[in-house]
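Engineer: Mind having a look at this structure? Questions to follow.
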Amino acid sequence: VYSCCYLSRRLNQLSSHDPLWKRHCKKYWLISEEEKSQRNQSWKAIFISTYSDLGRYIRYYATLKKAWDDLEKYLGQRCPRMIGSLKESVREEDLDAVEAQIGCKLPDDYRCSFRIHNGQKLVVPGLMGSMALSNHYRSEDLLDIDTAAGGFQQRLGLKQCLPLTFCIHTGLSQYMALESVEGRNKYEIFYQCPDQMARNPSAIDMFITGTSYLEWFTSYVNKVVTGGYPIIRDQIFRYVHDKECVATTGDITVSVSTSFLPELSSVHPPHYFFTYRIRIEMSKDALPEKACQLDSRYWRITNAKGDVEEVQGPGVVGEFPIISPGRVYEYTSCTTFSTTSGYMEGYYTFHCLYYKDKFFNVTIPRFHMVCPTFKVSTARMVSGDALVLILVVFFLRPPETNHNEYAVDEDEDSTDTDEYEDRRRVLDIPAPSGRCPRHT
């Protein structure tokens, strides 16, 4: 008995040893020494009080809190006006009320994120990235919990799907499936893609963007804070750069980044829209007489079937840029494939400004474009009113490619917008089914 009493006393002393709680506070709640001194509590008291509030999220909190902290720090340096659009955290009872309203349980990683930040206001630019092509512009906001709940879907094709993002220009959203229905996995995240060849309006295909909220959000944040996405005019642009996609010819370096545009793509009919951003730079150490002007471009475009299309023309996006030592020229263009992947390569022809009869070619590195995984609708109209079940992930590879160039109008400023009074109505705007206008 004495031994048991002694052991219990020692265990009690050990459980009250503050340095042990310090480790747990830092590991699970990311509590700093500075925050601890401000709260004027022991590490044990801090852990217990925090656990009583956030204990159900102990598996996710540290990962999501670090992602939000890293994102805020990065935006504070690069996109400061975006910080002002972030909303404060919500309470547990607010999340419970939303679950009661929509009749579905929210995943704990999603709830945890909103205990840190309640998304953002409906403003431009959006936290979840922008894209611009000619007169087509998209910028996605991370929806606050009330706006998301107002856009909760119960209609066929998007049954029990909660919007995570929204673009006030195009109506585009990314959705999270709260139940495993209509061929979706529970908590899967996707862009909706209406089946344009089906008569049934509930036939909606899906471009998959994440398997869970935690994976979806943290992978996006990591891409942002590591410089994977460029910052252009105080906005995050979702161009992905392959570090191997760089070619140097003499003093000129050409690099390419690419992006898939779901809002301009479709599975039925197969039409996959990609945009690419090209950077042409002359070394600052080049001699002044190396200055040159771009005359023409040549493209060799290959789809997944191996079909090749060649395109040759003057200038790029209607311009004939001059490149001199230390100068950078960037432009944006696009291509469409009727296969889910393809690649492009080619060269630019320049002439020297000091020796006008001297011409030379500059290599454009090969760059690949691949459509994200997609699922076809489980209710696709084939003929009359008949429905067929198609529960399979497709990668269609029919022939043909189509290539056109577009310029990004980077002089057109985007302005902040106020929150919409009727958020539910805003989220009912359908995603556009048209194509970006073509230019020669």
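Engineer: Run the numbers on region 20-79 and let me know its relative contact order in percent, using alpha-carbon pairs under 8 Å that are six or more apart.
Structural biologist: 37 percent
Engineer: For region 206-343, report the accessible area per residue in Å² (1.4 Å probe, heavy atoms, rounded to an integer).
Structural biologist: Working: 5230 Å² over 138 residues.
Solvent-accessible surface per residue comes out at 38 Å².
Engineer: Could you work out how much longer the chain between ARG279 and ARG91 gets when fully extended? Use 0.36 nm per residue separation minus the Cα distance between them, nm to one decimal.
Structural biologist: On the way: separation 188, 0.36 × 188 = 67.68 nm, distance 4.59 nm.
Extra length from ARG279 to ARG91 when fully extended: 63.1 nm.
Engineer: Still on this structure, I have one more. What's the extension gain from HIS17 to THR249 if we count 0.36 nm per residue and subtract their Cα-Cα distance? Before the final figure, lay out the partial values.
Structural biologist: Working: separation 232, 0.36 × 232 = 83.52 nm, distance 6.45 nm.
Between HIS17 and THR249, full extension yields an extra 77.1 nm.
Engineer: Using alpha carbons only, how many angstrom separate the centre of region 63-114 from the centre of region 298-365?
Structural biologist: 42 Å
Engineer: To continue, here is another question. Could you tell me whether region 80-201 comes out rounded, prolate or oblate from its Cα gyration tensor? Rule is a ≥ b ≥ c as square roots of the eigenvalues, rounded for a/c under 1.5, then prolate if a/b exceeds b/c, otherwise oblate. Kindly include the intermediate steps, with their values, before the conclusion.
Structural biologist: Details: a/c = 2.30, a/b = 1.04, b/c = 2.22.
The shape class here is oblate.
Engineer: Is the shape of region 186-343 rounded, prolate or oblate, going by the alpha carbon gyration tensor and its root eigenvalues a ≥ b ≥ c, with a/c under 1.5 for rounded and a/b larger than b/c for prolate? Don't skip to the answer; put the middle values down first.
Structural biologist: Values: a/c = 2.86, a/b = 1.62, b/c = 1.77.
Taking the square roots of the gyration eigenvalues as a ≥ b ≥ c, region 186-343 is oblate.
Engineer: For the pair ASP234 and GLN293, what calculated FRET efficiency results from E = 1/(1 + (r/R0)^6), where r is the Cβ-Cβ distance and R0 = 45 Å, to the nearest 0.05? Let's see the in-between values first.
Structural biologist: Working: r = 31 Å, r/R0 = 0.68.
So the FRET efficiency works out to roughly 0.90.
Engineer: For LYS44, give me every one of the lysines with a C-alpha distance below 27 angstrom, ignoring sequence neighbours fewer than eight places off in its own chain.
Structural biologist: LYS22, LYS26, LYS27, LYS36, LYS65, LYS66
The values are calculated or read from the model by the stated rules, or taken from the named source; none is laboratory data. These numbers come from a predicted model, not from an experiment. Don't worry about glycine lacking a Cβ; one is built from the backbone with ideal geometry, like all the others, and counts go over all protein chains shown. Protein only, heavy atoms only, side chains kept; ligands, DNA and RNA dropped before computing areas. Shrake-Rupley method; radii C 1.70, N 1.55, O 1.52, S 1.80 Å.
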